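Notes for the one structure printed next.
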Ligand SMILES: Cc1cc2nc3c(=O)[nH]c(=O)nc-3n(C[C@H](O)[C@H](O)[C@H](O)COP(=O)(O)OP(=O)(O)OC[C@H]3O[C@@H](n4cnc5c(N)ncnc54)[C@H](O)[C@@H]3O)c2cc1C
């Protein structure tokens, strides 16, 4: 185990001369993006391109009785007004279920509602016009006759017999249910010296991307091909879905994804309005553009969380945890989102609760229900913030109850660092984690004892500061176990194709995608290191289904671990191919040569033998000088998928130090720490910034972000003034540290790091608030976001 | 989020503005800094037929001392006011409040007059004007008039301004030497409109407390003012129960707002002490 720093990794397989692994190499796309030369779909214009805007249901549940489009059709610039039934002739509906989530059910969802809108914001009619403004003008003139229907909004009563069933053909409002039982739970609770129960409430929120969802679809009638420019995380998945629902072959569909202004899981799903845009292009035989505006983003981008978890922990006097039990209920809107389903988050909660601990006794129930609100699905750190807040909330409540230091409690219960491989109580498998090393490193980084002393001192002056902790695990590098086995055509494997160009530079094509997180930098570093060339001579191409190897894209913290390994392997393979050419030119043996810093050298002495551009020149322009029968292969492709483990679990621990103003209920974040183990750190700066960004999103959940619905299913704060995203001014300084336990499943040893910050931050903020208020006898806060009102109420001040 | 189409005229004189406004009546809207109006247009929550751009009117600019009062032109940008020596000297309450308005980029365009004319109930400047006992200069089809702050704010986004009126300037009485000022607000994020705020001033004889974010207009807490003038902070805090009855909003209940208003009064009381 080794602490990563800005130095080449000491791991032998990676320790090549001029290795970029473990170095904070600036991203190759940085200057371009900083100069405003990004190529975002929002900015794209094609010849004859039309714009679509959607009339959206103002009601959470309503029958569409009539749409009178006569006036709208006459407004300037309007090209077409298209209703749900009209569009259904071009595109088939979909059902968001997966076969490995036993019993999950959902109803067919259409690109545009056919005769009923099931949430406020569902598209009921499309207007295509020469400009977005003209399309919006025409929408104003649509005369839509709705008959309001009763609504299901409260998840708590969604399964009651007297509650309306949103999709009668499904029989009830239950989307998915999972039960899990391990060990001897009842006995373990009986044997506990103390049992702590709490109900945790996680507000609905959403991922507010800088660039909203954006798509330009172009059906070329002459070519019989569809080209879709889309800000998406998974171009090949979308290629499959567009083809399937437009009844095309996949080779007739090309998805191009250039720059994407942030995704966070928002852009890995099928959106009805985007499917409609593609179908409209096919129908109208011209390019059609849709860019969600901020108002429609709030009512159509997937929402996340919205869980109520009743939870229980049993502990012995000495701090030993005897059992965990949870009952999770989550409302997901009227449809399970396609194709990943809206059952995954609850399923993850069941998988992850208690995950860092030895405790074998665990009972879980998770229920996922339909309701008439915007759809809910996977957003950064799917299920992790819920499971971590529940587990770590319980651990700290239990520690307080039996009067033991919360870190001692963890030292006692965390799976020992030499206890791997092993399995958790939910059945998840761990290859190698480092909870204890991470904890001890965190304690040192933060100066735990000093902070506790400061906290005690300040309390005497009526200043209430709190420290909160959370150990956590993170699912990364998923194998086919995540989606493929459930029947979804979402690639678990990824590929990289490396080509030596005619001047000896390296062109990398990869199936993973760049969402602004720096994937292309990581791919360049890995390819440059494996092949042996300066990174300035590496060019990375991603996001084009016509031109990149088939792959899954970016989600579940997989791009570096899986896409990176494919690039590593392809780099090694291309090096061998190039050395074969060089050996042939030099009348040497490939084994006796190596590529270092862009030169073919003697492997033993490092003496320069021939430049790469000379090798390329001979191979491409003077192959006649090579021996007969020798064919140079200056392209190599390799693929990779994790096989040994269903997921590469990572681990970490976070801490928050904050101050609660007990007169106003305001929380001031002072400092935040995270020690995390993502295996090999390819680019320390990118990893640290991923973690910081993730922490900020977790803090958003803990204190600010909330999609507030009324009982009629109306979103009350769907705009940037009333929906509070976390902003820099309120964010604490964040210190990041690493422990390195590489996965042995790949040579690179890299696991994911994209979601660790989000997984742990809500828990530590919640725990720190409770720690701050403990001496005041306040009620425990288990509700997010912890608004000033929530805090004041816990204090009995309002 | 595209505005409905509208006509646009950039007027070159106040007279021209008044004529344009009179001609179009309620169909016209003045645009100053655009920091509130443009979002309303984009969200189609406002759709005037014509925008009357007053940004070229020199008459609406400038900060000056006239008689016993400080006159701040309607078109003075909030950022410009922030850097004004006159305002710092003669209207320190406004100087204290300005940094709380949105962010710098917004204050660079947003105007003093626009903020007063819009009269957002959670805005800082209307409350300051009210606390300071200022006045509003208005030019309309029927000529010029001056309205006291106490009579200017009528209801939610409703002021003494009629459809044809242009807010020309605000006037703040130059304070006596013993006048003390206090300003504070509680917003969850830097730059947000306040959940509750208080602009206050006090001299030997009297106190003026203008709360914002707790009603449909900035509100004077007259019972609390009387108690404070007598020197009893605790009584002033207690009678806020009668002065204020904040409605619930999406971010907090009225009860929370009332509690916050009381906390604010306690917190700025030391600043108001002689
Ligand atoms: C992100 C953001 C945050 C903000 N935060 C705050 C905040 O914390 N506190 C706060 O107070 N404000 C805030 N604002 C609003 C800002 O202060 C605006 O500048 C101000 O409310 C309006 O001033 P304006 O010059 O931009 O007016 P405009 O937007 O141009 O006009 C606003 C309204 O006033 C009318 N009007 C403008 N000038 C005149 C005039 N001279 N005579 C008659 N009518 C006129 C217009 O017709 C319109 O109805 C924020 C704005 C944004 C975008």
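May I ask you to derive the relative contact order of the range A:171-278, considering only C-alpha pairs under 8 Å and at least 6 residues apart, and to give it as an integer percent?
It rounds to 27 percent for the range A:171-278.
Considering the Cα positions of the range A:110-268, please state its Rg to one decimal place and its Dmax as a whole number of Å.
Just the Cα atoms of the range A:110-268 yield Rg and Dmax of 23.0, 75 Å.
For the range A:383-432, what ratio Rg/Rh do Cα atoms give with a Kirkwood hydrodynamic radius?
Reported Rg/Rh, Kirkwood definition of Rh: 1.02.
Quote the convex hull volume per residue of the range B:63-173, based on C-alpha atoms, as a whole number of Å³.
In the range B:63-173, the Cα hull volume divided by residue count equals 91 Å³.
To make sure I understand, if each residue's beta carbon is the centre and we count other beta carbons within 10 Å, what order do B:75, A:248, A:170 fall in, fewest to most?
A:170, A:248, B:75
Just how many % of Cα pairs in the range B:7-53 lie over 18 Å apart, if you round to the nearest whole percent?
Within the range B:7-53, distances greater than 18 Å cover 24 percent of Cα pairs.
Could you tell me the relative contact order of the range B:7-53? Use alpha-carbon pairs under 8 Å, at least six residues apart, and round to a whole percent.
Averaging sequence separation for qualifying contacts and normalising by length gives 58 percent for the range B:7-53.
Which residue, B:121, B:246, B:39, tops the fluctuation ranking in a GNM of chain B built on C-alpha contacts under 10 Å?
The residue that fluctuates most here is B:39.
Starting from the Cα gyration tensor of the range A:277-320, take the square roots of the eigenvalues, sort them a ≥ b ≥ c, and report rounded, prolate or oblate (rounded when a/c is under 1.5, otherwise prolate if a/b is larger than b/c, else oblate).
prolate
Within a 10 angstrom radius of the beta carbon, how do A:402, A:321, B:72 rank from fewest other beta carbons to most?
Arranged by neighbour count, lowest to highest, A:402, A:321, B:72 become A:402, A:321, B:72.
Would you compute, from DSSP H runs of 4+ residues alone, the mean residue ellipticity of chain B at 222 nm, taking -39500 (n - 2.57) per run and dividing by the full residue count, rounded to the nearest 500?
-9500 deg cm²/dmol
So, R0 is 25 Å and r is the distance between the beta-carbons of residue B:40 and residue A:716; what FRET efficiency does that work out to, to 0.05?
Efficiency for this residue pair is about 0.90.
Which of rounded, prolate, oblate describes the range A:1-147, given a ≥ b ≥ c as roots of the alpha-carbon gyration tensor eigenvalues and a/c under 1.5 marking rounded, otherwise prolate only if a/b is larger than b/c?
Note, shape of the range A:1-147 comes out oblate.
Semi-axes, largest first, in whole Å: what does sqrt of 5 times each Cα gyration tensor eigenvalue give for chain A?
Semi-axes, largest first: 42, 39, 22 Å.
Kirkwood Rh over Cα pairs of the range A:727-798 into Stokes-Einstein at 37 °C, 0.692 mPa s: D in µm²/s?
My calculation gives 215 µm²/s for D.
Starting from the coordinates of the alpha-carbon atoms of chain B, obtain the Kirkwood hydrodynamic radius over all distinct pairs and give the value in Å to one decimal.
Roughly 19.0 Å, rounded to one decimal.
How long are the semi-axes of the ellipsoid equivalent to the range A:493-640, from square roots of 5 times the Cα gyration tensor eigenvalues, in whole Å, largest first?
29, 15, 12
Report, as a whole number in µm² per second, the diffusion coefficient that Stokes-Einstein gives for the range A:267-391 at 10 °C and 1.306 mPa s using the Kirkwood radius over alpha carbon pairs.
96 µm²/s
Any idea how far apart residue A:145 and residue A:34 come out in nm if each label point goes 7 Å out from Cα toward Cβ?
Simple spin-label model gives 6.1 nm for this pair.
Rounded to two decimals, what is the ratio between the C-alpha radius of gyration of the range A:440-516 and 2.2 N^0.38 Å?
Output field value: 2.16.
Per the helix-only calculation at 222 nm, which mean residue ellipticity applies to chain A, given -39500 (n - 2.57) for every DSSP H run of n ≥ 4 and division by its residues, nearest 500 deg cm²/dmol?
Using -39500 (n - 2.57) per qualifying helix, the result is -8000 deg cm²/dmol.
So how much slack lies between residue A:502 and residue A:317, counting 0.36 nm per residue of separation and subtracting their Cα-Cα distance, in nm?
Computed gain between residue A:502 and residue A:317 is 59.5 nm.
Evaluate the Kirkwood expression for the hydrodynamic radius of the range B:48-113, namely the inverse of the mean inverse distance over all pairs of different C-alpha atoms, and round to one decimal in Å.
Its Kirkwood hydrodynamic radius stands at 12.6 Å.
Relative contact order of chain B, please, whole-number percent, based on alpha carbon pairs below 8 angstrom and at least 6 residues apart.
15 percent
Quick one: the Cα spread of the range B:181-273 along its three principal axes, in angstroms, biggest first?
Ordered largest first, the range B:181-273 gives principal extents of 39, 26, 20 Å.
Just subtract the alpha-carbon distance of residue A:66 and residue A:541 from 0.36 nm times their residue separation and send over the number in nm, one decimal.
166.2 nm
log₁₀ I(q)/I(0) of the range B:125-180 at q = 0.16 Å⁻¹, via Debye over equal Cα point scatterers, no solvent, to two decimals?
Values returned for q = 0.16 Å⁻¹ are -0.50.
Using Cβ contacts closer than 10 Å as the measure, can you line up B:90, B:190, A:384, A:100 from fewest to most?
B:190, A:100, B:90, A:384
Every read-out reported here was derived from the displayed coordinates using simple, explicitly stated rules and does not represent laboratory data. These figures come from a predicted structure and were not determined experimentally. Note that each Cβ is placed from the backbone with ideal geometry, even for glycine, and that neighbours are counted across all protein chains shown.
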